[in-house]
Every structure is written in structure tokens, then in C-alpha cells.
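Engineer: There's a structure below that I have some questions on.
The values are calculated or read from the model by the stated rules, or taken from the named source; none is laboratory data. Note that the structure is predicted; figures quoted are calculated from it, not measured. Every residue, glycine as well, gets a Cβ built from its backbone with ideal geometry; the counts of neighbours run over all protein chains shown. Only protein heavy atoms, including side chains, enter the accessible area calculation; ligands, DNA and RNA are left aside. Shrake-Rupley method; radii C 1.70, N 1.55, O 1.52, S 1.80 Å.
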Amino acid sequence: MKSSEHGAITILDVNAMPSQPASGEPVKVTVHMQSQSPITSSSVKYGLSDSPLTKKSMLSVSRVYDSVLSLESGSAKDGYWSCTIPGKSAGTYMPLSVWMTDGRIPQKADHT
């Protein structure tokens, strides 16, 4: 997802590296966010699927896992937040959603 705006918080970029991890290889997720008010918390919620996903079918995958994003660089108003998701078995698809709040209403953005 790029250049998506959700209320007062703007998600400029979501990046997962490596994009196609080897079996068991952890994935670092980095999110660039901007907000007029400081972002007070953010996390990546993700689910698992053994089957390839379309944009429509990824919405039906329950996000039952949660990884807290930490501010890596920049500021709480314009910064890069990241977390590491533990490695999974080969052929596992992980649709994810980014959740964030600036102390008001929590906001969400979906990403595959």
C-alpha cells in the first residue's frame, strides 16, 4: 500500500523484507507514517494462509497474530516504524494489516 490516507494518519509506504522469505526466515516489516498529532502506538496484525490470495480473499483471513511496531527513525509525527515477524514454513502467505493510533480513534490499513 502506498499513499493511502486514513483520517489524520497517512501511510506513505509499507515494506516487507525479504518479500519472498525462505522457509523459517523472519520478515522485517517497515511502515512510513505521518500524522499531525504524534502516533502513540502501532502494530502489525497478520494471519496465515496455505493458499495464494487475491486482494478480495485476503480480507477474509483472520488477523490473529500481533507484532508491535517500534519507531526506528524520524519522529512520532513523521517516522519509520518496524517489527520482525517470525519465520513461517514454505508456502505460507501472510496478509497483514497495520493498526495505528494518535491517541484518538484507532485506524487500520490492509497490505499483502
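Engineer: Looking at S62, S75 in this structure, which one is among the polar types (S, T, N, Q) and either under 20 Å from I9 (Cα atoms) or at pLDDT 95 or above (or both)? Write out each step before concluding.
Structural biologist: Values: S62 fails: either under 20 Å from I9 (Cα atoms) or at pLDDT 95 or above (or both).
S75 is the lone residue from the list that is among the polar types (S, T, N, Q) and either under 20 Å from I9 (Cα atoms) or at pLDDT 95 or above (or both).
Engineer: Between a residue in segment 27-42 that is within 11 Å of L69 (Cα to Cα) and any residue that is crowded, with 22+ Cβ neighbours inside 10 Å and of a type in the set (S, T, Y), which pairs come within a Cβ distance under 8 Å, given they are 6 or more apart or on different chains?
Structural biologist: V31/S42
Engineer: Answer yes or no: is there a residue in segment 105-112 that is at pLDDT below 90, part of a loop (DSSP other than H, G, I, E, B), under 20 Å from A8 (Cβ atoms) and open to solvent by 30 Å² or more (accessible area, probe 1.4 Å).
Structural biologist: Keep residues of segment 105-112 that are at pLDDT below 90, which gives 105-112.
If we keep only those that are part of a loop (DSSP other than H, G, I, E, B) too, we end up with 105-106, 112.
Checking the rest, the ones that are also under 20 Å from A8 (Cβ atoms) come to 105-106.
Adding the requirement that they be open to solvent by 30 Å² or more (accessible area, probe 1.4 Å) leaves 105-106.
Yes: segment 105-112 contains one or more residues that are at pLDDT below 90, part of a loop (DSSP other than H, G, I, E, B), under 20 Å from A8 (Cβ atoms) and open to solvent by 30 Å² or more (accessible area, probe 1.4 Å).
Engineer: Still on this structure, I have one more. Restricting to segment 5-51, give me the number of residues that are open to solvent by 10 Å² or more (accessible area, probe 1.4 Å), within 19 Å of G91 (Cα to Cα), part of a loop (DSSP other than H, G, I, E, B) and of a type outside the set (D, E).
Structural biologist: 10
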